[in-house]
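Remarks on the structure that follows.
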Amino acid sequence: MIKGVVEGFYGPTWDLLDRLSMIDLLSYLEMNTYVYAPKWDPYHRERWRSPYPENILLELEILSDHARRRGVEPVYALSPGLDIGYSSREDLVVLLRKYQQVMNAGYDSIALLLDDIPPVLRGRGYKTLAEAQASLANKVYKELKPKTMMLCPTYYWGFREDYLRELGEKLDPEVKIFWTGPGIVSCKIMVGDIEKFIEITHRKPLIWDNYPVNDYFLVKGYYRLHLGPYTGRDPKILDRIEGILLNPMNQAELSKIPIHTAGIFLQDPQHYNPLQALEEAITHNINPQARQAFRIIVMLQQSTPMDPQADHKPGPEEADTLMKAVMELQTKLTNKKMLHELAYLLQGAQQLVQSLKGKAEPHPRILLAGKYPVQLIPGYK
């Protein structure tokens, strides 16, 4: 089964060291796949026709080599859907040439992403969008013969039956279909959801799980981390899917905490305990001197789309404890990249302390001790 991460969020991209470090964690957790698909890599999406410059291509080659050495399959994803002509021979040639450039850098597996685009049928000879997209994917698969190929459809969540049924009928059976579940950000994915997808498409879905991704908060001006454990996925679905790939947060180091819990779930879903998994994630990823302080901060940011009420709301009697945790993280956390990712939250925690003591109001855009804003989550259900 495919298990891993799809770096598919909007916002500033990770750097090479972020990716190499994440692959190390995936290897440790016996997860086997890393999909490169950052929306803000211009050569991935907006400038998909342009070949990669040599310096970026070298980084992609280093990434693929490191992944293979660690037993993780590197997958390169391209997102041409904003303007590709589905019947354009010229666009197809450019698309194949772009894939080939990256495949030569060590990517035997590829993904074609047609998500988050207007559902516009560009080109002649096709009656529907599903027919056009299946045809494009089939041509890419036939020409390049990748080890594995994945397709993210335009209707990648819910049950758009006409589109999904035709896609399932016309897409090469070897091409795997991404699906995020009943919602774009699904609070639960149950066996019944999977069975309905299979009934429509006659295929098992490859779950693109939009957790712990948080880019939809950042674009609204909020600062919100997802540090809670992986929940809301029925263990029984694992026999009925191609795999699960988690979409992480913009914060690479902090993403390791929830991703670690997901890795534990995938190892033994029947005996999975979310709180025990969270503790194991903290123990593995945080140095001993900072663990207790980190636990306190996690309590303030562990609500998730799967559990919107999980955040702890401290009272005035906890103000000094919270302030001590902030100070200890600032001085004792040895992972300086993670500390940088926490900086804005720690600032908000200090303001919360002042509010608990009656001396200030908390920052309105830092969601601490407030209601988790499910209304900002796209497709939440």
(request) Would you compute, for the Cα atoms of region 271-381, the largest minus smallest coordinate along each principal axis and list the three values in descending order, in whole Å? (result) 39, 33, 26
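Send over the per residue convex hull volume for region 122-176, Cα only, as a whole number of Å³.
Numbers: hull volume 4.5 nm³, N = 55.
In region 122-176, the Cα convex hull volume per residue is 81 Å³.
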(request) Please report Rg over Rh for region 184-229, where both radii come from the alpha carbon positions and Rh follows the Kirkwood definition. (result) 1.12
(message) Treating region 1-135 as a set of equal point scatterers at the Cα positions, no solvent, please give the Debye-formula log₁₀ I(q)/I(0) at q = 0.13, 0.14 Å⁻¹.
(response) -0.57, -0.65
(request) Bin all alpha-carbon pair distances of region 128-223 at 5 Å intervals from 0 and give each bin's fraction as a whole percent. (result) 2, 13, 23, 21, 16, 12, 8, 4, 1
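Provide, as a two-decimal number, the C-alpha radius of gyration of the chain over 2.2 N^0.38 Å, N being how many residues it has.
Values: Rg = 21.3 Å, N = 381, 2.2 N^0.38 = 21.0 Å.
Cα-based Rg divided by the globular estimate yields 1.01.
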(request) Would you list which lysines come within 20 Å of residue 324, measuring only between C-alpha atoms, while excluding same-chain residues fewer than 8 positions from it? (result) 313, 332, 336, 357, 359
(request) List the extent of the Cα atoms of region 75-169 along each of their three principal axes, largest first, rounded to whole Å. (result) 37, 27, 22
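Just so you know, all these numbers are worked out from the coordinates, no wet-lab data involved. Keep in mind it's a predicted model, so treat the numbers as computed, not measured.
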